[in-house]
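Colleague: Here it is, the structure in full.
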């Protein structure tokens, strides 16, 4: 049995596939970067230097893809770059490597600063695919002495999810939660424990968005994580570690003895066919609030 730590999207991410998307996309400014290089064409462009050791970090909400334009600084009389690689990591998971071919000198770009000798190369391009939800992407250049600069653009998938709330197949207690930063909107959650399970019946391939909040006792606000288990026919098929930190953005409407925890969001693909799944907690002394939404627009394979 594997335990997955949030943020989680049980979806594939690849830089080799291409979404059917239209539009020019939105320029992305990294949350963290090494340095900035200005380039001049018909308009001023902002590129970010990539490092082999220090990350350039982006934060995006999927589904969609990040278009990465890459240029090598060609110094002296160099007329073309050498092949090179860049690396990216989605949500601190497995490192992905893209190899780019050599490029000649750009015919339209120059460095704005006269202190930078040479010229930028023509652009290489890679795509980083982003699953639904909020994600962190860290980028590095490969082991090369060449100076690599990148520009980032985000293109949303035209097939955005359409989430519909799923009802529990068996009766569960419900709890009302007020969101303080969303005009005090009130959302009704199901309460689950080790014994009180959210039972879900599926008949087709299903993509789920799971929102879960640990419940804290006033006497115990240690913030210890809890484990959500997904079972089929009594066998655990997935387990997720859920944050137990106290929420600063929500409060209960009616509950007086417990405190809501932070929201944790899980994206999960379920296989085709008739299935019955049980969502419950591993710890017999804990409880949590749960909402499950199904994507009615996109069918997964």
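Colleague: Which residue fluctuates most in the GNM of the chain (Cα springs below 10 Å): 282, 255, 151?
Modeller: Comparing 282, 255, 151 in a Gaussian network model of the chain, the most mobile one is 255.
Colleague: How large, in Å, is the range 163-295 by the Kirkwood hydrodynamic radius built from its alpha-carbon pairs?
Modeller: Hydrodynamic radius (Kirkwood, Cα pairs) of the range 163-295 is 15.1 Å.
Colleague: While we're on this one: What is the Cα centroid distance between the range 220-251 and the range 179-217, reported in whole angstrom?
Modeller: 11
Colleague: In what sequence, highest mean first, do 207-215, 133-141 appear when ranked by Cβ atoms within 10 angstrom?
Modeller: 207-215, 133-141
Colleague: Which of these, 263, 185, 243, has the largest mean-square fluctuation under a Gaussian network model of the chain (Cα springs below 10 Å)?
Modeller: 185
Colleague: Taking neighbour Cβ counts within 10 Å as the exposure measure, how do 193, 46, 171, 56 sort from fewest upward?
Modeller: 171, 46, 193, 56
Colleague: Cα gyration tensor of the range 190-263, axes a ≥ b ≥ c as square roots of the eigenvalues: rounded (a/c below 1.5), prolate (a/b > b/c) or oblate?
Modeller: Taking the square roots of the gyration eigenvalues as a ≥ b ≥ c, the range 190-263 is prolate.
Colleague: According to the square roots a ≥ b ≥ c of the eigenvalues of the Cα gyration tensor, what is the shape class of the chain, taking rounded for a/c under 1.5, prolate for a/b larger than b/c otherwise, and oblate for the remainder? Before the final figure, lay out the partial values.
Modeller: Numbers: a/c = 2.68, a/b = 2.23, b/c = 1.20.
Prolate shape, in that a/c is at least 1.5 and a/b is the bigger ratio.
Colleague: Work out how much length residue 171 to residue 233 would gain on full extension: take 0.36 nm times their residue separation and subtract the Cα-Cα distance, in nm to one decimal.
Modeller: Difference between extended and current length: 20.4 nm.
Colleague: With a point put 7 Å past each Cα toward its Cβ, work out how far residue 99 is from residue 258 in nm, to one decimal.
Modeller: A separation of 5.4 nm, rounded to one decimal place.
Colleague: Here is a further query. Per the Kirkwood formula on distinct C-alpha pairs, the Rh of the range 12-156 is how many angstrom?
Modeller: For the range 12-156, inverting the mean 1/r across all distinct Cα pairs yields 15.5 Å.
Laboratory data are not the source of any read-out in this text; all were calculated from the coordinates shown. Here the structure is a predicted model, which means the values were calculated and not measured. With ideal geometry, Cβ positions are generated from the backbone for all residues, glycine too; neighbour counts draw on all protein chains shown.
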